[in-house]
Amino acid sequence: MGEFKNEFLKKYLLEDLRNKKEVEFLNLKEGSMSVVEYVAKYKKLSRFCPYINAEDAMVSKCVKFENGLRPEIYQYICFHEIRDFDTLVHKCRMFDDVGKARMSYYKAVNDKKGKSHGFGKPYNKDKGKKKDVGGGSKVNVADVRCFKCGI
């Protein structure tokens, strides 16, 4: 089956296009993609590099994949020296999912803090007092509201 595929690609896919796709694969980095998106693009482009899909190229395939990961994932994964591609992908996806869950948790905590501005209402202590706002008019301090949240 592999020979047919190679012959088909040689005949119907222009050589310069194959070369461009191979260079794109060799320069592929995860960047702002999720691990799932990176894996899909990696697999799609790796078709144009037959040597990376050879039976004896598993180590090269894993090393290439690792080197394209975002630094925070690479830092965690590289020490494990995983040389089975499916296992490597699974571990990277797990790490990415945990990172997303951690980010959403801290975002929710920060959003909750943001609503209360992180401190009490300084104008409650003057409740019921009148304050001079200039021009001789006085305003009840209890009617003063926060311009951000309206409290």
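Coordinate-derived values only; no laboratory data. None of the values given here were measured: they were computed from a predicted structure. Please note: Cβ atoms are built from the backbone with ideal geometry, for glycine as well, and neighbour counts cover all protein chains shown.
Quick look at the numbers
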quantity: Computed FRET value (nearest 0.05) for A108 with S34, which takes r as the C-beta separation and R₀ as 22 Å; calculated: 0.65
quantity: Near-label residues of segment 24-40 by backbone N, under 19 Å of a point 7 Å along Cα→Cβ of V98; calculated: 34-36
quantity: Calculated FRET efficiency for the pair L14/E81, C-beta based, R₀ 30 Å, to 0.05; calculated: 0.20
quantity: Sorted by Cβ neighbour density within 10 Å, fewest at the top, the residues F65, F48; calculated: F48, F65
quantity: By average C-beta atoms within 10 angstrom, highest first, the peptides 96-108, 32-44, 69-81; calculated: 32-44, 69-81, 96-108
